[in-house]
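S.K.: I have a structure here, written as structure tokens, and I will follow up with some questions on it.
The values are calculated or read from the model by the stated rules, or taken from the named source; none is laboratory data. None of these values were measured; they are calculated from a predicted model. So basically every Cβ, Gly included, is an ideal-geometry build from the backbone, and we count neighbours across all protein chains shown. Each accessible area value is taken on the protein alone, full model and side chains, heavy atoms only, with ligands, DNA and RNA left out. Shrake-Rupley method; radii C 1.70, N 1.55, O 1.52, S 1.80 Å.
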Amino acid sequence: MKKVLALMLVFVMVLCVFVSCKKDPGDASNNTDPSVPAEYNWPSNLDYSGFGGYKFRILTWGQTGGDHWGAYEFYYNEALQGDVVNDAVLERDKKLEEKLNIEIEYNEQTKGDEMLNYARNSINAGSDDFDLLTVSINQAATLAKEGLLLDLNDYSDILNLKESYWDQSAINQFSIANHLYFAISDLTLVDKQATWAVFFTKSMVDKYKLAEGYENGLYSMVEEGDWTIEAMHNMCKTVSDDANGDGVMELDDVYGHIGEMSNYYMLMIGCGSQVVKKDANDMPVYCWTDNLDSIVTSYEHVKDIVGNQDISMLSGRMIQLGIPEADVWSSGFGGMMEREEALFNVTGMNRCKLYRDLECEFGILPLPKADKGQESYYSALSMGQADTVSIPLTSSDPERTATILEAMTALASQTTYTAYIDRALTYKYLRDDDSAAMLDIIFDNRVYDAADVYGWGSGNNKVFGSGPAATSIPTQINSFKKMTENAIEKGIEAFEKIYNNTGEIGRASCRERV
């Protein structure tokens, strides 16, 4: 993700001006082709000829993810004509088809294990069923570990992976010993939806005087580095109340936090609980115990926010109290915010769409820091939902796929990504400019812990992913140390073997280009 800068783009077909929220993708390295119309910037290192009407097939879960998690960047729905993102998909695909003389086709499979198994079985059978694969982070890691994906770094003369429209944080954590089998970019949008943030009910902040001394309330608290897990905890305790006085905290009462059990994991990532970091040689290094004291302190706050029924109403309990599961995220939690019964809603950015019609003002903040000394805010993602891009081992022409992927990604940065961030999130769903400004902080500081991505010792997912820790945090983390270090070592060895077995495809292709 990038810092938001201004870039004016003209959609010829819809005559609609989009204001981009990031730098011009050509600015970083003069990577624009002056021979094309000024309407779009195309990567200048690509050969756009010779595709001869090729049908470029993208495997996606498409609309099967439903309203919450549909991969709407990879399908166009005529029934949704007029929706800014939906229209931008059509614009992007038409321009790409015209520029490269190709036809884009979406191969939609059911989201989840069915799609993973379809991809796995197809590749193992040696079938050339699709050119580009778009599965979740966890699924992509599984396919990578099975040796079913090509190393994107073998196509570094085509894929401009250092450009701003490729997510550099994701590349850093997904890459192992300079082998990169899947990535996230401005082309993917579900990963943005799957990024966790803190929604808050504005009227409650004023009512309980929670941001006294800050010129612009909680937003100023974030900007001054004072938005910490302890501050959030104290605010939750301040507002939580047995409103009807019956001695039992239920649906009609007031809570500091609403959300789900996975918020243990999300908030701990926000507090800097990272298991693996990378060294200068792109090697994963175990670092969890380096920050142990801070992790323990943060966990005590998180536990009393998420795990305390006097402070928190979780989705599972709401269902037990009679709210239909289908209504929990919209009228359930949304209704609590409207009635001033919920201060903080820690959830995914996909909720913006659900809350656009709420009859209350809400804002958005990043996940809180562990303390004021933490160098930046960190954002967590749902790795089972966030989508990626990768090239299957069975690709009949990896260079062609890489070329189309690079062109599509650069174009997406100027169309679908811009439509989503600037038009959908900023102007359609969010209620104020301050919340829009928080998007930079939220999206620029996302964490993809390689231990959680690749399942090395299961990391934060194992300790925090399913709720309160069974034993003390230091005991659990120390018990995982040797296991995780062994898993990292074996993981590196496995990827080297996989590359030796599959990488010749990429290396031979590179030699032909030299």
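S.K.: Would you tell me the accessible area of Trp227, worked out with a 1.4 angstrom probe on the heavy atoms of the protein chains, in Å² to the nearest 10?
M.R.: Result for Trp227: roughly 0 Å² accessible.
S.K.: Got a sec? Charge dipole of segment 304-352, +1 on Cβ for Lys and Arg, -1 for Asp and Glu; which of Gly307, Met337, Ile319 is way out at the positive end?
M.R.: Ile319
S.K.: Where nothing but the Cβ of Lys and Arg (+1) and of Asp and Glu (-1) is charged, how large is the charge dipole of segment 185-265 around its Cα centre, in debye to the nearest 20?
M.R.: Values: 5 positive and 16 negative charges, 26 e Å.
Once rounded to the nearest 20, the dipole reads 120 debye.
S.K.: How big is D, in µm² s⁻¹, for segment 213-280 by Stokes-Einstein at 25 °C and 0.890 mPa s if Rh is the Kirkwood radius over C-alpha pairs?
M.R.: 166
S.K.: Please report, to two decimal places, log10 I(q)/I(0) for segment 412-507 at q = 0.18 Å⁻¹ as given by the Debye formula with identical point scatterers on the Cα atoms and no solvent.
M.R.: Here log10 of I(q) over I(0) equals -0.88.
S.K.: If you don't mind, there's one more thing I want to ask. Mind listing P(r) for segment 56-168? All alpha-carbon pairs, 10 Å bins, whole percents.
M.R.: Using 10 Å bins, I get a P(r) of 12, 37, 39, 11, 0 for segment 56-168.
S.K.: So what is the calculated 222 nm ellipticity per residue for the chain, using -39500 (n - 2.57) for each DSSP H run with n of 4 or more, over all residues, to the nearest 500 deg cm²/dmol? Walk me through the intermediate numbers first.
M.R.: Values: 19 runs with 195 residues, N = 514.
It comes out at -11000 deg cm²/dmol, rounded to the nearest 500.
S.K.: Which order do you get for Glu224, Glu260 if you rank them by accessible area with a 1.4 Å probe, largest at the top? Intermediate values should be presented prior to the final figure.
M.R.: Details: Glu224 115, Glu260 40 Å².
The ordering from most to least exposed comes out as Glu224, Glu260.
S.K.: Now for a separate question. Tell me, what are the semi-axes, in whole angstrom and largest first, of the equivalent ellipsoid of segment 121-221 as set by the roots of 5 times the Cα gyration tensor eigenvalues?
M.R.: Working: eigenvalues 346, 54, 25 Å².
Working from the Cα gyration tensor, I get semi-axes of 42, 16, 11 Å.
S.K.: Now for a different question. Heads up, I need the accessible area for Leu314: 1.4 angstrom probe, whole protein in place, Å², nearest 10.
M.R.: Answer for Leu314: close to 30 Å² accessible.
S.K.: Read phi for every residue in segment 255-263 and hand back ³J(HN,Hα) as whole Hz from Karplus 6.51 cos²θ - 1.76 cosθ + 1.60, θ = phi - 60°, with x for Gly and Pro.
M.R.: Values per residue, Gly and Pro as x: 10, x, 9, 10, x, 9, 4, 5, 5 Hz.
S.K.: Kindly write out, for segment 82-88 in residue order, the coupling ³J(HN,Hα) from the Karplus curve 6.51 cos²θ - 1.76 cosθ + 1.60 (θ = phi - 60°), rounded to whole Hz, with x marking Gly and Pro.
M.R.: Values per residue, Gly and Pro as x: x, 6, 4, 6, 4, 5, 5 Hz.
S.K.: Run the 1.4 Å probe and let me know the accessible area of Tyr378, rounded to the nearest 10 Å².
M.R.: 40
S.K.: Now, a different point. At 20 °C and a viscosity of 1.002 mPa s, what translational diffusion coefficient does Stokes-Einstein give for segment 334-421, taking Rh as the Kirkwood radius over Cα pairs? Give it in µm²/s as a whole number. Please list the in-between numbers first.
M.R.: On the way: Rh = 17.2 Å.
Once the numbers are plugged in, D ends up at 124 µm²/s.
S.K.: Going from most exposed to least, what order do Asp444, Asp113, Asp154 have by accessible area with a 1.4 Å probe? Each step should come with its number before you reach the end.
M.R.: Values: Asp444 55, Asp113 110, Asp154 20 Å².
Largest accessible area first, the list is Asp113, Asp444, Asp154.
S.K.: Under the rule a/c < 1.5 gives rounded, and otherwise a/b versus b/c splits prolate from oblate, where does segment 353-486 land using the Cα gyration tensor?
M.R.: Values: a/c = 2.44, a/b = 1.13, b/c = 2.15.
Cα axes put segment 353-486 in the oblate bin.
S.K.: If you don't mind, there's one more thing I want to ask. Could you give the dipole magnitude of segment 215-309 about its Cα centre, charging the beta-carbon of Lys and Arg +1 and that of Asp and Glu -1, in debye to the nearest 20? Don't jump to the answer; show the numbers that get you there.
M.R.: Working: 4 positive and 18 negative charges, 95 e Å.
It comes to approximately 460 debye.
S.K.: For the chain, what is the percent of antiparallel DSSP beta bridges, rounded to the nearest 5? Mind dumping the intermediate values first?
M.R.: On the way: 24 of 41 bridges.
Beta bridges within the chain, antiparallel portion: roughly 60 percent.
S.K.: Continuing with the same structure: If you average 1/r over every pair of different alpha-carbon atoms in segment 255-374 and take one over that average, what Kirkwood value in Å do you get? Mind dumping the intermediate values first?
M.R.: On the way: mean 1/r = 0.0627 Å⁻¹.
Taking every pair of different Cα atoms in segment 255-374, averaging 1/r and inverting gives 16.0 Å.
S.K.: Let me ask something else about it. If N is the number of residues in segment 252-297, what value comes out of its Cα radius of gyration divided by 2.2 N^0.38 Å? If you can, show how the numbers build up before the last one.
M.R.: Numbers: Rg = 15.3 Å, N = 46, 2.2 N^0.38 = 9.4 Å.
Ratio of Rg to 2.2 N^0.38 Å for segment 252-297: 1.62.
S.K.: Say the dipole of the chain comes from +1 at the beta carbon of Lys and Arg and -1 at that of Asp and Glu; which of Thr347, Pro43, Gly270 then lies farthest toward its positive end?
M.R.: Farthest towards the positive pole: Pro43.
S.K.: Work out the charge dipole of segment 93-206 with +1 on the Cβ of Lys and Arg and -1 on the Cβ of Asp and Glu about the Cα centre, then indicate which of Leu96, Ala141, Tyr106 is farthest towards its positive end.
M.R.: Towards the positive end, the residue furthest out is Ala141.
S.K.: Counting only residues 5 or more places away or on other chains, whose amide H sits under 5 Å from the amide H of Leu149 once H atoms are built in the peptide plane?
M.R.: Leu393
S.K.: Compare Ser435, Ser315, Ser479 by solvent-accessible area with a 1.4 Å probe and give them largest first, with all protein chains kept in place. Walk me through the numbers before you get to the answer.
M.R.: Working: Ser435 0, Ser315 20, Ser479 75 Å².
Largest to smallest exposure gives the sequence Ser479, Ser315, Ser435.
S.K.: Calculate one ³J(HN,Hα) per residue across segment 296-309 by plugging θ = phi - 60° into the Karplus curve 6.51 cos²θ - 1.76 cosθ + 1.60, and present them in order as whole Hz with x for glycine and proline.
M.R.: 4, 4, 5, 4, 4, 5, 4, 4, 7, 8, 6, x, 9, 5
S.K.: Please work out the Cα convex hull volume for segment 286-333 and give it in Å³ per residue. Each step should come with its number before you reach the end.
M.R.: Values: hull volume 5.1 nm³, N = 48.
So the per-residue hull volume is 106 Å³.
S.K.: Let me ask something else about it. Report Rg/Rh for the chain, rounded to two decimals, where Rg is the Cα radius of gyration and Rh the Kirkwood radius.
M.R.: Values: Rg = 23.1 Å, Rh = 23.8 Å.
So for the chain, dividing Rg by the Kirkwood Rh gives 0.97.
S.K.: What size of dipole, in debye to the nearest 20, comes out for the chain about its Cα centre when the only charges are +1 on Lys and Arg C-beta atoms and -1 on Asp and Glu C-beta atoms? Let's see the in-between values first.
M.R.: Values: 42 positive and 79 negative charges, 178 e Å.
Roughly 860 debye, rounded to the nearest 20.
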